[in-house]
Structures are given as C-alpha cells and as structure tokens.
1. Filter the range 76-89 down to residues that are crowded, with 20+ Cβ neighbours inside 10 Å and closer than 25 Å to Arg168 by Cβ, then give me how many there are.
2. What tally of residues in the range 215-233 results from selecting those that are part of a strand (DSSP E or B) and of a type in the set (A, V, I, L, M, F, W, C)?
3. Condition test on Ile372, is it surrounded by 17 or more Cβ atoms within 10 Å (Cβ to Cβ), farther than 17 Å from Thr219 by Cβ and either over 19 Å from the mean Cα position of the chain (by Cα) or not acidic (Asp, Glu) (or both)?
4. Taking the options Val345, Val374, Val330, Val326, name whichever one is more than 29 Å from Val68 (Cβ to Cβ), free of Cβ contacts under 8 Å to residues at least 60 places away in the same chain and hydrophobic (A, V, I, L, M, F, W, C).
5. Can you pull out every residue in the range 200-214 that is in contact with a His (Cβ under 7 Å, 6 or more places away or on another chain) and charged (D, E, K, R)?
6. Among the residues that make up the range 357-364, is at least one of them among the aromatic types (Phe, Trp, Tyr) and either surrounded by fewer than 17 Cβ atoms within 10 Å (Cβ to Cβ) or out of contact with any Asp or Glu (no Cβ under 8 Å at 6 or more places or on another chain) (or both)?
7. Could you grab me the full set of residues in the range 193-206 that are more than 16 Å from the ligand (Cβ to nearest atom) and either assigned to a helix (DSSP H, G or I) or touching a Ser or Thr at 6+ places or on another chain (Cβ under 6 Å) (or both)?
8. Regarding Thr176, is this residue more than 16 Å from the ligand (Cβ to nearest atom), part of a loop (DSSP other than H, G, I, E, B), of a type in the set (S, T, N, Q) and in contact (Cβ under 8 Å) with a residue 40 or more places away in the chain?
Amino acid sequence: MTAASLALAVPAGVAPAMADANFPSPTGETTISSILTPADVEKELKKLEQTSRFAVDVFTLAEAGTSVNTSEQGRDLYVATVGTGPEDVWLQGRIHGNEPYGTDSLLTLLKDLGTNGSSDYDLLREKYTFHIIPMYNPDGAEANIRHTLLWDDVTGSPEPGGNGREQRVDLNRDWTANGFAAKESLAFYEYWTMVDPAFGVDIHHQGLKKEWGTGDDVTLSLGISLAPGGPTLPGLEGGAYDVLTRQMLVHVYDQLSKYGSINMDRYQVGNGMEIDIKGGVVSAMMLGLDYQGLNPEGHTNPVVFFETSGNTSDGSLGQKARGKSVRQNVLALKELLLGMATGEVQHEDPERWEEIPHQPVTGYQTDYAGNIPVQ
Ligand SMILES: [Zn+2]
C-alpha cells in the first residue's frame, strides 16, 4: 500500500460519503470580516515560523532579493518555504484579491507541512522544498477586488491612465512580453526565475456552478490554463505537459471523489469553451517566458489550478461553506503532492481526463487570438 492510499484509508474528520455536495449556497451570506487580510497573513506566517516543529522559513521578496519587491501600494509580498527536498514546488493563492480561500488553504497546508510527523508529510518534506505564496495580491485582498490598482507613490493615490481613470490590472493576465504593468508581477516573476520550480498549483474561486448534464452543484473545478489537446499545450515540451497536467487532475479527481461533500468537474468558461490564455502566470510558467532576460535558460514547469465555487461578490461564502471549501482545497493539494511524490500521478491514464464531468468542447477562449472553434 502506498503512502497516499494509506492516508485515505482513514479520512479522519471528513464527512462520510452520503453527504450532499451542497456548498456554497445561493442563500449563504458572506462575512467579509472573517476573510483574511494582509496583516492577518503576516501574523499567521510569523506564528507558524516560530511554532512549527519542522523548519518553516518566512520572508518577503525584499529579503529574497528581487529587484522589485512590493505590491503597487507598497505592501510586502510574503513567501514561506518548508521542506528540504531537491525539487522545488510553487503553490500560490489569491492572485485575485476577492478569491479568498486559497490563502486559508495554503496556510493550513503550511501548518501541516510544518507540524505533521506522519510518513506522508515526511515524504513530502524529504522530496520537495515548497514555496508557498498564500496571498499573491495583498492590495486586491485588502480592497476585496480581483485586480491590483496601479499606484502613484508620490501622491499616495491611484495612478490615473490616459482617460483619467484608475488603472486596474488583472495580475493573472500580466505575465506577457508586453505585460508586467504591476509591480507584483515582476516581483513574483523574478522570484520564480530564482526558484525554477518542478511544478505548481494555483488556487482560485469561481461563481456558483452546476454540473453540465446533471445540474448538481459543483464545489470544485479542476483546471489547466492552456487547454489539453488545445492550440498550445500539446506543442510544449514535446507534449509532456499535455500529458502530465491531465494526470495530475485525474489523480485529484479520483482521490477526492471518495468524499461525498465534494463534487468536481472540469473548469470551463461557458458554452463548452476551454480556457487557453498565455498571459496567466501559470501559463507563462509552462511557456517558459523569458522577460527582461531573467529566464535565459528557458526554464518551464507544469501547473494546474483549482477553482472553489463561491465568491465574495455574490454573497455565497457563508461560514458553513468556509470550512468545507478550505478542506477540499487542502485535500486536493495533499493528494496531488503525495501522488507526485510517490509516482502515482505519473502512472495515471491521461485520457481519463475525458471522464471528469464537462460540457462537450466547442472551442478555446484565448487572450491572443480571440475565440478559436474546435476544428
Ligand atoms: Zn481567479
């Protein structure tokens, strides 16, 4: 029995499989006061650094030595590392400031990696060094908005664009040859070039979603920002990422299907359209973007993303949903990481990606060529 299947034999603290996958709820009420702020994250990280049994190192990008190293409004950008393994793993959350639970989920994982002495966590710490970014977008988090605002340090107010209005940057479209409009982007990009991770995970939220064909509530969507079999991914690294990213999410799907409170499908953008964006942070990682000569060796790494259903703007993130939402992300992270460490992921059948519920694919929504229909 592998470490991963041993861990699953006793799913302590998890609801039995007869529970309905019924969170979040359209009648829930979002309590913004329970959502972590940049100050909360800093405090929690420093506490974990002090109290963890296994070494947790918490630092700012200024301390890491990137040339740009704060948010637009001057907030510190935090990373925590844990583990002593030779392979680096990139885990980021809350690049969209109004998508909160990536932060909670990564802080929970960091706590587990820092304190849990079981064989599963021993394996993860021995195999990997984790670079955990619980809050990529602290300005957006503070304001509970998706974007960051370009900021004028002199006036201490938003820097107006040509039309005189404030300029909002979606940090998950800003890693392009013509991008890097926001400081956060260049800061984390330079850190990525210092780390050269082996793989990564990015955690988001989506609105309330029903499963195509059944109408069941979806709690978690599994995504790849360059669509498998699409215009881009099969051409990268001889097709290796087209295979491995599907194996990663097939593994998560299998492991989490055992929990009745979780209902998964594939992430799609509507009407059967798959996402195929090049400017997303994790897409640029897979593409091996070399910006300002910072990645001359053309390092690339595969990344997948999770989308928890519910967000702060439609009022669907009540307290009951919070615990379940965070738990499903932590479970998904742990199973994916263990599966990578044991090699189970690499033995999954990538074609089983088709078995994960989804609408038949009609095309690709891109940020470089509009919508491309399936041929
Ligand atoms: Zn997002």
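The values are calculated or read from the model by the stated rules, or taken from the named source; none is laboratory data. All values reported here derive from a predicted model rather than from experimental measurement. Every residue, glycine as well, gets a Cβ built from its backbone with ideal geometry; the counts of neighbours run over all protein chains shown.
1. 3
2. Step one: of the range 215-233, the residues part of a strand (DSSP E or B) are 217-218, 220-223, 226.
Subset that is of a type in the set (A, V, I, L, M, F, W, C): 218, 220, 222, 226.
Residues in the range 215-233 being part of a strand (DSSP E or B) and of a type in the set (A, V, I, L, M, F, W, C): 4 in total.
3. Details: surrounded by 17 or more Cβ atoms within 10 Å (Cβ to Cβ): yes; farther than 17 Å from Thr219 by Cβ: yes; either over 19 Å from the mean Cα position of the chain (by Cα) or not acidic (Asp, Glu) (or both): yes.
For Ile372, the condition - surrounded by 17 or more Cβ atoms within 10 Å (Cβ to Cβ), farther than 17 Å from Thr219 by Cβ and either over 19 Å from the mean Cα position of the chain (by Cα) or not acidic (Asp, Glu) (or both) - is met.
4. Result of the check over Val345, Val374, Val330, Val326: Val374.
5. Answer for the range 200-214, where residues must be in contact with a His (Cβ under 7 Å, 6 or more places away or on another chain) and charged (D, E, K, R): there is none.
6. Restricting attention to the range 357-364, the residues satisfying the condition of being among the aromatic types (Phe, Trp, Tyr) are 364.
In the following step, the residues that additionally are either surrounded by fewer than 17 Cβ atoms within 10 Å (Cβ to Cβ) or out of contact with any Asp or Glu (no Cβ under 8 Å at 6 or more places or on another chain) (or both) were identified as none.
No, the range 357-364 contains no residue that is among the aromatic types (Phe, Trp, Tyr) and either surrounded by fewer than 17 Cβ atoms within 10 Å (Cβ to Cβ) or out of contact with any Asp or Glu (no Cβ under 8 Å at 6 or more places or on another chain) (or both).
7. Thr193, Met194, Val195
8. yes
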